[in-house]
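Have a look at this one before I ask anything.
The values are calculated or read from the model by the stated rules, or taken from the named source; none is laboratory data. Just so it is clear, the model here is predicted, and its values are computed rather than measured. Here Cβ is always computed from backbone atoms with ideal geometry, including for glycine, and neighbour counts include all displayed protein chains.
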Amino acid sequence: MMATLTANRLQRDAFEPKVRMPGVPLRTSVETWKLLWPERYTNMSCRLCSKVLFLGAAAALLASATWAQAAHNMGPKYDVTKETKIKGVVEEFREVPGEQGTLHLVVKTESQTVLVHVGPSDFLKEIDTSFNKGDQVAVIGAVLPGTSAEEEILAREITDGQNTSTLRDDKGVPVWAGWKPAKK
């Protein structure tokens, strides 16, 4: 009889709180504890919590990796060491279809014709930037990797008359990185 009472007491003590809630009689604390953490769920709750924590951490890691990849997947890489300046007249502008619909300008300088990669058309509309055929422009940008001389340029800054549009920061990171087009 004594062994049974001791075994029941040990089993009950395993699920009783070690710290008593202030101002609450011990018996009420034990009953509340047993309501919140029934004996049959104690082991399952630990397993469930560890699974939820693991899945949450995996989801956060995946989300951060996706965001980082999206930030770096903004077209050709801008090389600051190959930065150049050109001045000329806009002969035409082309909207290249794709995920963001990129605008390119064909600029005629004194010595050659240069294709200038500007940025996403919707982004340019959002910042009230537009170009017309015949506009005098000054472009600061980097020569596109894989092209010779100044055939193609990734624009960092374009000045059209008195208006200057900054499209990339000093390191060449597009100002539209992380930007999402407005829903239509």
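Scanning for something under 28 Å from the mean Cα position of the chain (by Cα), part of a loop (DSSP other than H, G, I, E, B) and in contact (Cβ under 8 Å) with a residue 60 or more places away in the chain, does the stretch 160-170 turn up at least one residue?
There is at least one residue in the stretch 160-170 that is under 28 Å from the mean Cα position of the chain (by Cα), part of a loop (DSSP other than H, G, I, E, B) and in contact (Cβ under 8 Å) with a residue 60 or more places away in the chain.
If a residue must be over 25 Å from Lys77 (Cβ atoms) and either of a type outside the set (Lys, Arg) or modelled with pLDDT under 90 (or both), how many such residues does the stretch 91-124 contain?
4
Whether any residue in the stretch 134-145 is of a type in the set (Val, Ile, Thr), at negative phi, without any contact (Cβ under 8 Å) to a residue 40 or more places away in the chain and in the same structural domain as Glu91 (by TED's automatic domain parsing) is what I want to check.
no
Listed residues Val106, Val143, Val173; which is surrounded by fewer than 19 Cβ atoms within 10 Å (Cβ to Cβ) and either among the aromatic types (Phe, Trp, Tyr) or under 27 Å from the mean Cα position of the chain (by Cα) (or both)?
That would be Val173, the only listed residue that is surrounded by fewer than 19 Cβ atoms within 10 Å (Cβ to Cβ) and either among the aromatic types (Phe, Trp, Tyr) or under 27 Å from the mean Cα position of the chain (by Cα) (or both).
Could you go through the stretch 148-157 and let me know if any residue there is in contact with a strand residue (DSSP E or B) (Cβ under 9 Å, 6 or more places away or on another chain), exposed (fewer than 11 other Cβ atoms within 10 Å of the Cβ) and modelled with pLDDT of 85 or more. I'd like the intermediate steps shown before the answer.
Looking only at the stretch 148-157, we keep the residues that are in contact with a strand residue (DSSP E or B) (Cβ under 9 Å, 6 or more places away or on another chain), and these are 149-157.
Right, trim to exposed (fewer than 11 other Cβ atoms within 10 Å of the Cβ) and you get 149.
Add one more test, that the residue is modelled with pLDDT of 85 or more, and what stays is none.
No, because not a single residue in the stretch 148-157 is in contact with a strand residue (DSSP E or B) (Cβ under 9 Å, 6 or more places away or on another chain), exposed (fewer than 11 other Cβ atoms within 10 Å of the Cβ) and modelled with pLDDT of 85 or more.
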